[in-house]
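**Q** Have a look at the structure that comes next, please.
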Amino acid sequence: MAIEPVDAIILAGGAGSRIMPVLGETPKVLAPIHDEPFLKYLVRYLADSAVVRKVIIAAGYQADQIVSYCDQNPMQLPIAFSIETSPLGTGGALINALPEATGETVLVVNGDSYVDLDLAEMVAFHTANSADATLAAVQVEDARASGTLALDENRIIAFAEKTEDTGPGWINAGLYIFERVGLENFSSGSSSLERDIMPRLIEGNVQACKTNRPFIDIGTPGNYARTEEFFREF
């Protein structure tokens with residue numbers, strides 16, 4: 001089955017308070033890894049999938065740095081921007097960027113995480129399950145820092161908050177596919193994708209595309225310190 005290309009939105013608006021002591025005023029998406037910014041790895045991943053036709057960067061904190069980098073450095077896909085004038089959170093940033101995307105299906109990527117999942121397979125999974133939304137899920141031994149997904153087979157039925165008692169489980173890898181129609185009832189004000197939008201969407205059909213592929217979230221100093229080793233393995 002042929003897969004229709006989609007636009008991808010990279011959520012890159014956050015200030016990254018946890019990693020600010022390491023990066024200073026550099027936005028997370030420009031965090032250097034092997035002399036290239038994390039953004040370059042994300043765009044390369046999207047381009048190599050042959051599924052994505054355009055990238056929209058939803059920027060806020062230090063947006064001028066991100067725009068300047070993209071203006072001065074060739075990227076493998078066309079780049080557009082959605083710039084926040086005030087902090088919108090991950091949910092508000094997505095809704096604010098949506099007019100820049102075309103098509104009924106949109107891919108969304110957290111600007112501080114990376115999962116080596118075959119995007120063509122994820123899009124095919126989303127389509128085969130007639131999902132309203134699909135997110136990539138990875139299984140970890142210690143989910144205390146993330147919270148877990150409550151699943152019925154592959155369908156997401158709840159998001160469990162992180163606690164000190166949380167053990168192994170499936171967690172959100174920060175990679176999503178949405179049908180535009182499912183996002184039309186959300187406002188562009190400040191909101192959280194994880195806490196405000198996704199819990200409402202799971203009243204419908206939200207699927208978890210499970211994977212055991214490598215995953216990293218660079219948003220903490222400890223994780224960022226091992227990012228070079230993570231990418232060296234590819």
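**Q** Rounded, prolate or oblate, given the Cα gyration tensor of segment 108-158, with a/c below 1.5 counting as rounded? Show your work: numbers first, answer last.
**A** Details: a/c = 2.07, a/b = 1.25, b/c = 1.66.
Oblate, since a/c reaches 1.5 and b/c is not below a/b.
**Q** Additional query: With springs only between Cα atoms under 10 Å apart, run a GNM on the chain and tell me which of 92, 174, 24 wobbles the most.
**A** 24
**Q** List the aspartates and glutamates whose Cα lies under 14 Å from the Cα of residue 28, skipping any in the same chain that are fewer than 8 positions away.
**A** 36, 64, 112, 217
**Q** While we're here: Hey, how many Å between the Cα centroid of segment 80-122 and the Cα centroid of segment 18-41?
**A** 19 Å
**Q** State which stretch of the chain is the longest one without any exposed GluC sites (Glu not before Pro), exposure meaning a DSSP loop state and at most 12 other Cβ atoms within 10 Å. Present the calculation step by step, with values, prior to reporting the outcome.
**A** On the way: sites that count: 25, 104, 141, 153, 161, 164, 184, 203, 233.
For GluC sites (Glu not before Pro) (loop position, at most 12 other Cβ atoms within 10 Å), the longest site-free span of the chain is 26-103.
**Q** Next question. Which aspartates and glutamates have a Cα lying under 18 Å from the Cα of residue 210, excluding residues fewer than 8 positions away in the same chain?
**A** Here the aspartates and glutamates satisfying the reach criterion relative to residue 210 are 116, 118, 121, 132, 141, 142, 152, 153, 194.
**Q** Between 150, 58, 136, which gets the highest mean-square fluctuation from a Gaussian network model of the chain, Cα cutoff 10 Å?
**A** So, out of 150, 58, 136, the one fluctuating most is 150.
**Q** Among 51, 106, 22, whose mean-square fluctuation peaks in a Gaussian network model of the chain (Cα, cutoff 10 Å)?
**A** It is 22.
**Q** Could you work out the Rg to Rh ratio of segment 101-234, with Rh taken as the Kirkwood radius (inverse of the mean 1/r over all Cα pairs)? The partial results should precede the final answer.
**A** Numbers: Rg = 14.9 Å, Rh = 15.6 Å.
The Rg/Rh ratio comes out at 0.96.
**Q** A further question on this structure: Could you work out [θ]222 nm for the chain from helices alone, using -39500 (n - 2.57) per DSSP H run of at least four and dividing by all its residues? Round to the nearest 500 deg cm²/dmol.
**A** Values: 8 runs with 59 residues, N = 234.
Taken over the chain, the calculation gives -6500 deg cm²/dmol.
Read-outs throughout are calculated quantities, based only on the coordinates presented, and are distinct from any laboratory measurement. A quick note: this is a predicted structure, and the numbers were derived from the prediction, not measured. Every residue, glycine among them, receives a Cβ derived from its backbone with ideal geometry; neighbour counts consider all protein chains shown.
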